[in-house]
1. Take residue 117 and decide whether it is surrounded by 17 or more Cβ atoms within 10 Å (Cβ to Cβ), more than 24 Å from residue 34 (Cβ to Cβ) and more than 16 Å from the ligand (Cβ to nearest atom).
2. Being part of a loop (DSSP other than H, G, I, E, B), buried (at least 22 other Cβ atoms within 10 Å of the Cβ) and of a type outside the set (Phe, Trp, Tyr), is that true of even one residue in the stretch 80-90?
3. Among (1) buried (at least 20 other Cβ atoms within 10 Å of the Cβ); (2) modelled with pLDDT of 95 or more, which single condition is residue 173 missing?
4. Taking residue 138, is it hydrophobic (A, V, I, L, M, F, W, C) and free of Cβ contacts under 8 Å to residues at least 60 places away in the same chain?
5. Report whether or not residue 129 is within 16 Å of the ligand (Cβ to nearest atom), open to solvent by 10 Å² or more (accessible area, probe 1.4 Å) and out of contact with any strand residue (DSSP E or B) (no Cβ under 9 Å at 6 or more places or on another chain).
6. Got a number for residues in the stretch 160-180 being farther than 12 Å from residue 120 by Cα and in contact (Cβ under 8 Å) with a residue 12 or more places away in the chain?
7. Any idea which residue in the stretch 78-114 is farthest from the ligand (Cβ to nearest atom), counting only those that are within 17 Å of residue 39 (Cβ to Cβ), free of Cβ contacts under 8 Å to residues at least 40 places away in the same chain and not charged (D, E, K, R)?
8. Just to be sure, is residue 71 of a type in the set (A, V, I, L, M) and either modelled with pLDDT under 95 or within 18 Å of residue 185 (Cβ to Cβ) (or both)?
Amino acid sequence: AELRYHVQAARGRRGRPEQPRAAAYDNAGTHAVRVADGMLSASKGRLKESEARRAANSGSSTRNGEHGNFVSVAQLLLVEDDAAIRGALIRALTERGHAVTSMPSAMDALQHVLDSPPDLILLDLGLPGLGGYEALRMMRAVSSVPVVVVTARDNEAEIIRVLDAGADDYVIKPFGAGQIDARIRAVLRRAAQGGPPDGGELEV
Ligand code: CA
């Protein structure tokens, strides 16, 4: 309920904030795309290595004190420039057992994905500089980390464009904490099932 309040408050402050902001950042965005492109092509090999490491470790584990079982904690990367929404999401997701790292810009997020790929990325579309959509396309060129887009843009064409660019799911603000958590768990489940395990044989 608190998260819904923050998201609605953020919307109220700026009306429909994403479109005008995106337009205002167009020039900065073009430059950002060039910079990010160079960054990604320079580190493609390194990314493959770190993704392989991530697959080998398959998330971090913490001991559940009561029964001594190991439960997996999902490492989430939240990319959101609105501080109020960022704070509310971090609280809501941490309370639900996720480990959350957050970045206010897509450029920072790309660098983070290259250095230590998370289990899942929550990506806002209306970001300063490099936009969420461009960041998603760049990420998909080098990484298969699950991406859930979190945005106020609710038009059909935009949703289709983002899913076609490689997003795994799409959540429209405002939403409740329960819904985003359920979508994260659903995407993580599918990601965990994706691809045969080591040496697995695929019967046709
Ligand atoms: Ca935004």
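1. It is false that residue 117 is surrounded by 17 or more Cβ atoms within 10 Å (Cβ to Cβ), more than 24 Å from residue 34 (Cβ to Cβ) and more than 16 Å from the ligand (Cβ to nearest atom).
2. Within the stretch 80-90, one or more residues are part of a loop (DSSP other than H, G, I, E, B), buried (at least 22 other Cβ atoms within 10 Å of the Cβ) and of a type outside the set (Phe, Trp, Tyr).
3. (2)
4. No: the conditions fail for residue 138.
5. It is true that residue 129 is within 16 Å of the ligand (Cβ to nearest atom), open to solvent by 10 Å² or more (accessible area, probe 1.4 Å) and out of contact with any strand residue (DSSP E or B) (no Cβ under 9 Å at 6 or more places or on another chain).
6. Here the count works out to 13.
7. Applying the filter and picking the extreme gives 112.
8. When the stated conditions are applied, residue 71 passes them.
The values are calculated or read from the model by the stated rules, or taken from the named source; none is laboratory data. Keep in mind the model is a prediction, meaning the values are calculated, not measured. All Cβ positions, even for glycine, are placed from backbone atoms using ideal geometry, and neighbour counts span all protein chains on display. Areas reflect the complete protein model, heavy atoms only, side chains present, ligands, DNA and RNA absent. Shrake-Rupley method; radii C 1.70, N 1.55, O 1.52, S 1.80 Å.
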